[in-house]
Amino acid sequence: MATSSRCSRGSGLSSLPAPAGSGPISCCLPFVCEYSTSIQRFNDQITRSVLARLQRRCVTIPVAPAQPVLLTSATFQETLTTTVTLTISATALNVVNVTLSNVRFEIVGISSIIVRVSGDVVATIQYTGIDGLPHTDTVTVPFVFLQTIPGTFPPNVTISGNLAIVNQIITVEEDPSTLAITAVTITLVLADTIQVFSPAA
């Protein structure tokens, strides 16, 4: 018996060859608007239709990238001192501002991890000179120090660091004859936190 087909919007009806002794089999196939009378091609078109609808309805859930594993964390304290000689002697200090810039953390040894911490101290001093006028002096002082984190670590570890000013002490030097301020010494207390990571598996 030959197959026949017809289709309306959103559905299809087909009469397929029936087993001996029984009537024809009718299949209602939603969403398939055209198909071949060849059973194999008919099945192929059904498969393509289902896959197309799955692609439109299914969303691939992104897999978050693996995160590095924290092996250890260590905090150190450092003290840095710098002296700024004023361009002109001062009768009063108005503002002393100190910041850190260009801070870098580099692994320079790996049996125990040795980290070189480097950067710049930028000090800006605003003051009133003995001439009665406002003045501003800015100096940049580089620094470097080493921190050692004991232990045994794989050679491909990475580090993350943070360096912050937790306290600063300002002292002045005066000309004993005039009592004018000639220099400012800034002592910084720094907190240095270093984290060591193993790459994600």
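Measuring nothing but how far apart in sequence close Cα pairs (under 8 Å, 6+ apart) lie, relative to its length, region 69-198 scores a relative contact order of 36 percent. Using the Cβ of R116 as centre and a radius below 12 Å, the other residues enclosed give a net charge of -1, where K and R count +1 and D and E count -1. Treating r as the C-beta distance of R116 and V166 and R0 as 25 Å, the FRET efficiency rounds to 0.75.
Once the other residues with Cβ under 10 Å from the Cβ of I88 are scored (Lys, Arg +1; Asp, Glu -1), what is the net sum?
Result for the neighbourhood of I88: -2.
Extension gain for V108-T87 works out to 3.7 nm (0.36 nm per residue, less the C-alpha to C-alpha distance). Where Lys and Arg each count +1 and Asp and Glu each count -1, what net charge lies around N102 among other residues with Cβ under 14 Å from its Cβ? Net of charged neighbours comes to 0.
We did not get these values from a lab; they are worked out from the coordinates using the rules stated. Keep in mind the model is a prediction, meaning the values are calculated, not measured. No Cβ is skipped: glycine too gets one built from the backbone with ideal geometry, and neighbour counts run over all protein chains shown.
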